[in-house]
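Everything below concerns the one structure shown next.
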Amino acid sequence: MKIAVAKENELGELRVAQIPDTVSRLVKQGFEVWVEAGAGVGAGYDDAAYATAGAKIISDRALLWREADVLLKVNPPGKQDGALETDWLKPGATLISFLNPLGDPAIAQQLAQRQITAFSMELIPRTTRAQSMDALSSQANIAGYQAMLLAAVSLPRIFPMMTTAAGTIPPAKVLVLGVGVAGLQAIATARRLGAVVEAFDIRPTVKEEVQSVGAKFIEINLEEDTVAEGGYAKQVGSNTQERICQGLSEYVTKADVVITTAQVPGKIAPLLIAKETVAQMKSGSVIVDLAADTGGNCACSEAGKDVIYHGVTILSPVNLPSSVPVNTSQMYAKNLLNLVKYLAKDGELKLDFDDDIINSACLTHAGEIRNERVKEKLLVVSQ
Ligand code: NAD
């Protein structure tokens, strides 16, 4: 079975789906591995390193896609010379990548029509059994860390308390909104840098985790059930949302740094910081909005842009994992390796749809879209 690793063509994307170490593990498992020339350059791996690991280096991108039994990528396939890259894949081939099927469900339709078996890394369940394949978490963890560093270098003051002969500097006040994987790592990073940290999430169970990394949990009395099946956050109604926004404003205005990561998968990001609240913040304060590409948690955010509003800097980076491609590629490559090993039996991919990981992560197979939420999104788009 031939496993191909495509080069990422998106502007600013430096990650790669496999690194030489994981390629050598695939080769040891008996797979033939093809790597597109230059695929690893952004993450610091040249073609020679992949060749040493046992891969064949392929310069012809279309050939690599056409011949692949399994194609591994970071970002969803795009267009090349006006043609859809998915059209290069042979019917029956398997594509494993982030595919953003809830944001752009049309890709599921294209893949199903082409008889491609697609695994969407966003659909790997966030369960203990699937942890080693959970690429959303591995990338969000690093994004949370990077977001806090970005805030620290953008702030016109330092994070830790310092007692010096020239006077005492109080610690910076940091607020983290949304304490999932990215938020928790953002808190831990701010604490390591010496800031005083407060945090809020609509899931009350997060309180203990927040306290365990040394932050204070903000409690807001919400009269709505905020937790869905499986312990995930629910999208709350507009009254509750308004209540959260108002409840948070006194904490936001006192903070030097706010990192926002609040999100319910597949939904528009909840608005947590109104423009009027930003206007009341201290001049020089910094907001980093990680949810900007799904609408933003702050009313001033513009995805991919830096905005200054009433002296407050609002940063909305859209691909922080790519800013540290060495580690994020290493982690993503391992997530993919673990998934391929999980799917492979006797050198072939065997799909047992009674298995919850395979059932959840498989987006298309045998001409069908298998995910109900993606099907619903497609219906809405077509109406
Ligand atoms: P996650 O699902 O683990 O965490 C999201 C958290 O938001 C959850 O704890 C949830 O309870 C909370 N939440 C939901 N609605 C809320 C509300 N109304 N108020 C307060 N909290 C609420 O997600 P994650 O993996 O930590 O990722 C967080 C965000 O960061 C996502 O939007 C993700 O797309 C984004 N992200 C961005 C980048 C980037 O480079 N910009 C990189 C990775 C992740």
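The values are calculated or read from the model by the stated rules, or taken from the named source; none is laboratory data. No experiment lies behind these values; they were computed from the predicted model shown. No Cβ is skipped: glycine too gets one built from the backbone with ideal geometry, and neighbour counts run over all protein chains shown. Only protein heavy atoms, including side chains, enter the accessible area calculation; ligands, DNA and RNA are left aside. Shrake-Rupley method; radii C 1.70, N 1.55, O 1.52, S 1.80 Å.
Descriptive notes on the structure:
- Phi-derived couplings, Karplus 6.51 cos²θ - 1.76 cosθ + 1.60 at θ = phi - 60°, listed residue by residue for the stretch 131-144: 3, 6, 10, 7, 6, 4, 5, 4, 7, 5, 4, 5, 4, x Hz, with x used for Gly and Pro.
- Solvent-accessible area per residue in the stretch 99-216 equals 43 Å², computed with a 1.4 angstrom probe and all protein chains kept.
- Applying the Karplus relation 6.51 cos²θ - 1.76 cosθ + 1.60 with θ = phi - 60° to the stretch 352-363 yields 3J(HN,Hα) values of 9, 6, 7, 7, 5, 5, 5, 4, 6, 7, 7, 7 Hz, where x marks Gly and Pro.
- If only the Cβ of Lys and Arg carry +1 and only the Cβ of Asp and Glu carry -1, the dipole of the stretch 177-228 around its Cα centre is close to 420 debye.
- Candidate aspartates and glutamates for bridging to Lys345, where Cα separation is under 18 Å - those fewer than 8 sequence places away on the same chain excluded: Glu32, Asp69, Asp354, Asp355, Asp356
- Ordering of 35-46, 199-210 by packing [mean C-beta count within 10 Å, highest first]: 35-46, 199-210
- Look at the alpha carbon pairs under 8 Å that are at least 6 residues apart: their mean separation over the length of the chain gives a relative contact order of 18 percent.
- Calculated translational diffusion coefficient of the stretch 141-322 (37 °C, 0.692 mPa s; Stokes-Einstein with Kirkwood radius over alpha-carbon pairs) equals 203 µm²/s.
- Here the dipole of the chain is about 580 debye; that uses its Cα centre as origin and unit charges on the Cβ of Lys and Arg (positive) and Asp and Glu (negative).
- Note that the stretch 310-382 presents 47 Å² accessible area per residue, ligands and nucleic acids not counted, probe 1.4 Å.
- Zone residues, the stretch 72-112, relative to Lys375, backbone N less than 19 Å from point 7 Å out along Cα-to-Cβ: 101-112
- Computed over the chain with a Gaussian network model linking Cα atoms closer than 10 Å, the most mobile of Asp354, Asp225, Asp47 is Asp354.
- A simple count of charges around Asn359, restricted to other residues whose Cβ falls under 11 Å of its Cβ and scoring Lys, Arg +1 and Asp, Glu -1, yields -3.
- The stretch 141-322: antiparallel DSSP beta bridges as a percent of all, rounded to 5: 30
- Dipole of the stretch 224-383 [Lys/Arg +1, Asp/Glu -1 at C-beta], most positive-end residue of Ile357, Cys245, Leu339: Cys245
- Residue-averaged 222 nm ellipticity for the chain, from DSSP H runs of 4+ at -39500 (n - 2.57), nearest 500: -10000 deg cm²/dmol
- Pairs of lysines in the stretch 141-322 (C-alpha under 22 Å apart; 8 or more residues apart or interchain): 17
- Local electrostatic count at Gln241 - Lys and Arg +1, Asp and Glu -1, tallied over other residues with Cβ under 12 Å: +1
- Square roots of 5 times each gyration tensor eigenvalue, C-alpha, the stretch 1-129, largest first, Å: 22, 17, 15
- For peptides 49-59, 301-311, sequence by mean Cβ density within 10 Å, most packed first: 49-59, 301-311
- Net charge over other residues, Cβ less than 12 angstrom from the Cβ of Lys305 (K, R count +1; D, E count -1): -4
- Portion, in percent, of the accessible area of the chain that falls on carbon or sulfur, probe 1.4 Å: 51
- Cβ-placed point charges (K, R +1; D, E -1), dipole of the stretch 141-322 about Cα centre in debye, nearest 20: 540
- Hydrodynamic estimate: the Kirkwood radius of the chain over Cα pairs, inserted into Stokes-Einstein at 37 °C and 0.692 mPa s, corresponds to D of 148 µm²/s.
- Peptides 136-149, 242-255, 80-93 ranked from most to least packed give 136-149, 242-255, 80-93, packing being the mean of other C-beta atoms within 10 angstrom over each peptide's residues.
- Close amide-amide hydrogen proximity is noted between Val176 and Glu198, Ala199, Phe200, Ile259, each under 5 Å apart and 5 or more residues distant or on a separate chain (H modeled in the peptide plane; Pro and chain starts excluded).
- ³J(HN,Hα) computed for each position of the stretch 169-182 - Karplus, 6.51 cos²θ - 1.76 cosθ + 1.60, integer Hz, glycine/proline x: 9, x, x, 5, 9, 10, 10, 10, 10, x, 10, x, 5, 5
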